[in-house]
1. Against the condition open to solvent by 10 Å² or more (accessible area, probe 1.4 Å), among the aromatic types (Phe, Trp, Tyr) and within 16 Å of the chain's Cα centre (by Cα), how does Tyr111 come out, does it pass?
2. Between Thr249, Thr299, which is hydroxyl-bearing (Ser, Thr, Tyr) and within 25 Å of Glu22 (Cα to Cα)?
3. Which one of these does Gly300 not meet: (1) over 21 Å from Ser244 (Cα atoms); (2) outside any loop (DSSP other than H, G, I, E, B); (3) open to solvent by 10 Å² or more (accessible area, probe 1.4 Å)?
4. Conditions first: (1) of a type in the set (Gly, Ala, Ser); (2) without any contact (Cβ under 8 Å) to a residue 12 or more places away in the chain; (3) part of a loop (DSSP other than H, G, I, E, B). Gly49 passes all but one, so which condition is the exception?
5. What's the total number of residues in segment 224-264 that are basic (Lys, Arg) and exposed (fewer than 14 other Cβ atoms within 10 Å of the Cβ)?
6. Counting only residues that are of a type in the set (Ser, Thr, Tyr) and part of a helix (DSSP H, G or I), which one in segment 59-85 is most open to solvent (accessible area, probe 1.4 Å)?
7. How many residues are hydroxyl-bearing (Ser, Thr, Tyr) and closer than 26 Å to Trp278 by Cβ if we restrict to segment 1-42?
8. Hey, could you check segment 209-223 for residues that are out of contact with any Phe, Trp or Tyr (no Cβ under 7 Å at 6 or more places or on another chain) and hydroxyl-bearing (Ser, Thr, Tyr) and say which is most open to solvent (accessible area, probe 1.4 Å)?
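The values are calculated or read from the model by the stated rules, or taken from the named source; none is laboratory data. Every value quoted in this text rests on a predicted model; they were computed, and no experiment measured them. Neighbour counts are summed over all protein chains in view; Cβ atoms, including those assigned to glycine, are modelled from backbone coordinates with ideal geometry. Side chains included, ligands, DNA and RNA excluded: accessible areas come from the protein's heavy atoms. Shrake-Rupley method; radii C 1.70, N 1.55, O 1.52, S 1.80 Å.
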Amino acid sequence: MELTENIARRFAQAALGHVTREYPHKLDHVMSGNGDVLPPSVLHPVFYGSFDWHSCVHGWWTLLTLRRLYPETDEARDITTLAQETFTPHKLGAELAYLERPESSSFERPYGWAWLLYLHLEATRHGGQNWGEGLEPLARKFAAWFKHYLPLLTYPIRTGTHYNTSFACTLALEWADEFDETLAELIRSRAREWFADDQDCQAWEPCGDEFLSSALSEALLMRGCLPEDEFAAWFRSFLPGSGSGEPATLFKPAIVSDRSDGKIAHLDGLNLSRAWAWKGLSRPDAAANHLDASIPHVTGDYAGEHWLASFALLALLVDR
């Protein structure tokens, strides 16, 4: 399956519909007093939609990416207008001020941090616009937080949800290779320390509400951190049965029993993020099986619609 203009327009229409939809909303917000009880659009005048802050960030990544790839569509013009209204110095300054609060030190760590870096990277690819310049202070703030946090993280977090270390580092590394050599070197060094000795991964997944594969997220990060020959040897040791489709749990798409349940709908995200990883690991057949299972369900229910297009797009853009 490939990204087509029709698919791109469907994804763009969905994201345009949710990045400015304030409610329902789930805040990641530590309060120090009654004065901190405020609505999402006051706390986050840029990223107040899409049910939660991080989904709004990668909803915007989806929109800007599709604008760049399909600039002549009506949706691209709508994206341009909305971005110009949204990425203003005043609104972005308010987002930065939120991060300066003492209570915000672990805000959206590490998933939201990584997606903001990825959004900034995309924003810099839009000539004639100042969106990248406007987002850069936020990106630099999160990069500094990464550089403080990663040395403290004695053990990587392997769960297949927002706390996963490998996924965040994979996105952050792509940004860092462009903008912060020190962070890039730190990510590669820590990845070796955490994962270099991992062997014979059992891949006891999926769990009931995961949207990331612990095993494949780790492998995808190591692909970006090791020279090609060294990675090939590491991967053979890490998943020695992958050539024959083992462990089978990694090759079988997850069953999603109720797409109106926000947590169970995470499993569509697992299928899409696995497709992204399998493509990156040069296993197109496994990627295609996972894409086929969940691409039809990216839109249709807000429980998944407010975020799934980003993961579908990650998968569809590999090698593009």
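1. In short, no.
2. None of the others qualify; the one that does is Thr299.
3. The one condition Gly300 does not meet is (2).
4. (2)
5. Quick first cut of segment 224-264, residues basic (Lys, Arg) only: 236, 252, 259, 263.
Next, from what is left, pick out any that are exposed (fewer than 14 other Cβ atoms within 10 Å of the Cβ): 236, 263.
Total meeting the criteria: 2.
6. Just the residues of segment 59-85 that are of a type in the set (Ser, Thr, Tyr), to begin with: 62, 65, 70, 73, 80-81.
Those left that are additionally part of a helix (DSSP H, G or I): 62, 65, 80-81.
Numbers: Thr62: 2, Thr65: 1, Thr80: 26, Thr81: 71 Å².
Applying the filter and picking the extreme gives Thr81.
7. Number satisfying all stated conditions: 1.
8. Ser214
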